[in-house]
Amino acid sequence: MPVSVDTYEGGDALIAADANAAYTAIAAETAILDDENTRSEWCSREHISQAGNATFNLNFAQVEDSNTTQVINSTTFTQVNLVPAFRIAYGGLVLQPGEVLRCHFDINVVAATILNPNATARYLANDASDCYQFRFFFRNFVSGVVAGFGPTATYSTTNKGVVNPPQTLEIVNRIGQRCSLHNCFLNATNASISFDWIEVRARVCDTAYLPSVSIKEGTFQVFRALH
Amino acid sequence: MPFTVPVVFTAATAVSATSLQTNHTALRKYINHGIIKADILPVSVTTTDIVRGEYANVVRDHQFTTGDILTQFVEVDLFSQSYATSHFKAFDLFSLKTEAVPNMSKRVIMERDGTIFISAGMAAIGDLNYQLLNQKKASGVYLQISLNDRVIATDYIAATYGRAYTEDNVATDVDTSGNTTTHGIYSRRWYAQRYWRTFSKGDIVNIALVVDPRSDKMHVTARNLNLEVFYR
């Protein structure tokens, strides 16, 4: 809002009230001027120092391999290890409340050993016996506790619907699938979380029907997204 | 910090030039430099203060969470298909040579040092074709990153290899898809890939999804490509 200004001409008497008015008006109009009185989006990268605690995200990590084939044959989650291991070590990466950790994992399942194909029920879409899974795990740097987090990606090695049509469908094996697992881990607590490491693990669900799968050509990325 | 008047005049008191000048000087300093650094308190800069995407057609997600999104291409029309063939290979149909998928490439010139995070996905499908049975190989899908104006055949990233199988109506699993039925449609696989790489200011980065067709004819559909750039 513009501030009104009195104008004087030669010979006018200078009255204190008039002299004060201009300054008083300015003071009144600037009363709302404070640290919030900056327009939206006034700040660009050039205004922000990256010294000390970096404002912009600089924390990227990635593991990849295209040569090694790993056989997953356990129903217990086992570390994906294509030499290098798909583990990103931090030794105490602090995730503050409100910060996000993004994890992405892609890999091929290039072969599978599938048994008992006549046990049709085990290959229905609602049965996990023919499936393999991937999940992220992390070790808490403070407590030492290792725990899984985020969703579990489940893939089926066969392709058969829940309801049998009139004709008998063959059980169709499905390998060569590019598998993906993603998670945006938001620290929604009031306390920071310290990561020692994060890794990808895999397992088969039932060795009686799916003794093993072979995985190859994978990538694994983790980065912290500042809020 | 609001402006504070140094001298307040009172009635029946002479207004001196010095007092008047004091007020003028204070006001001039306030307007010019009086809004000082300390007025912007620590941690007062919030996400809404910071400039968002600087490019046309930018999706305005916050750059700290997702990076500036330079390109987003999403094609969900299953009838919008792009075809590729292995016949561009000089000596055989199955050596590893790639060609770019239409609409799935982007050139980025880095304004500052930064990291590009790439997310891509598509359905790549080998169609029924006429080549010999022993040449019905699984086609490859790769992410390819080239620097500057030179694109070379080895720019594809081996760890991003995905497989696209043929839908030939044969019971022989020649392409190692696991499918030994005559239902070729069971050979469909979805390809999805994330990847990042760090670049320097001034780098000219060409990012593309490429296929290595190993069949007479293959097609690509349902494509999406998303680049997030995290400048430093």
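If the condition is being farther than 30 Å from residue B:143 by Cα, of a type in the set (Ser, Thr, Tyr) and more than 16 Å from the chain's Cα centre (by Cα), then the stretch A:190-223 contributes A:192, A:207, A:209.
Could you tell me whether residue A:57 is within 30 Å of residue B:26 (Cβ to Cβ) and either assigned to a loop (DSSP other than H, G, I, E, B) or modelled with pLDDT of 95 or more (or both)? In short, no. Among the residues of the stretch A:172-193, those that are of a type outside the set (Val, Ile, Thr) and either without any contact (Cβ under 8 Å) to a residue 24 or more places away in the chain or in contact with a Leu (Cβ under 7 Å, 6 or more places away or on another chain) (or both) comprise A:174, A:185, A:187, A:192.
Of everything in the stretch B:165-203, what is modelled with pLDDT under 90 and touching a Gly at 6+ places or on another chain (Cβ under 7 Å)? Give them in sequence order. Correct list: B:166, B:167, B:168, B:169, B:176, B:177, B:178.
The single residue among A:108, A:116 that is in contact (Cβ under 8 Å) with a residue 40 or more places away in the chain and more than 24 Å from residue A:182 (Cβ to Cβ) turns out to be A:116.
Being at pLDDT below 75 and either assigned to a strand (DSSP E or B) or within 10 Å of another protein chain (Cβ to nearest Cβ) (or both) is a property that residue A:34 has. Has the stretch B:130-143 got at least one residue that is in contact with a helix residue (DSSP H, G or I) (Cβ under 7 Å, 6 or more places away or on another chain), over 30 Å from residue B:232 (Cα atoms), at pLDDT below 90 and surrounded by 14 or more Cβ atoms within 10 Å (Cβ to Cβ)? No: zero hits. Condition check for residue B:149 on (1) outside any loop (DSSP other than H, G, I, E, B); (2) under 20 Å from the mean Cα position of the chain (by Cα): one failure, at (1). Might you check whether a residue that is surrounded by fewer than 20 Cβ atoms within 10 Å (Cβ to Cβ), touching a Phe, Trp or Tyr at 6+ places or on another chain (Cβ under 7 Å) and at pLDDT 85 or above occurs anywhere in the stretch A:181-194? Within the stretch A:181-194, one or more residues are surrounded by fewer than 20 Cβ atoms within 10 Å (Cβ to Cβ), touching a Phe, Trp or Tyr at 6+ places or on another chain (Cβ under 7 Å) and at pLDDT 85 or above.
Look at (1) over 17 Å from residue B:104 (Cβ atoms); (2) crowded, with 18+ Cβ neighbours inside 10 Å; (3) hydroxyl-bearing (Ser, Thr, Tyr) and you find that residue B:161 fails only one, number (1).
Test of understanding: among B:127, B:149, which residue is in the same structural domain as residue B:210 (by TED's automatic domain parsing), modelled with pLDDT under 90 and farther than 22 Å from residue B:206 by Cβ? Within the list B:127, B:149, the selection yields B:127. Apart from one condition, residue B:124 fits all of (1) under 17 Å from residue B:190 (Cβ atoms); (2) without any contact (Cβ under 8 Å) to a residue 40 or more places away in the chain; (3) among the aliphatic types (A, V, I, L, M); the exception is (2). Checking the structure you have, find out if any residue of the stretch A:170-180 is within 14 Å of chain B (Cβ to nearest Cβ), out of contact with any Pro (no Cβ under 7 Å at 6 or more places or on another chain), modelled with pLDDT of 95 or more and closer than 19 Å to residue A:75 by Cβ. The answer is yes, given that some residue of the stretch A:170-180 is within 14 Å of chain B (Cβ to nearest Cβ), out of contact with any Pro (no Cβ under 7 Å at 6 or more places or on another chain), modelled with pLDDT of 95 or more and closer than 19 Å to residue A:75 by Cβ. Working only within the stretch B:189-216, note down all residues that are more than 9 Å from chain A (Cβ to nearest Cβ), of a type outside the set (Asp, Glu) and surrounded by fewer than 18 Cβ atoms within 10 Å (Cβ to Cβ). Within the stretch B:189-216, B:200, B:201, B:202, B:204 qualify.
The values are calculated or read from the model by the stated rules, or taken from the named source; none is laboratory data. Bear in mind the structure is a predicted one, so any value in this text is a computation, not a measurement. Backbone-built Cβ (ideal geometry, glycine too); neighbour counts: all protein chains shown.
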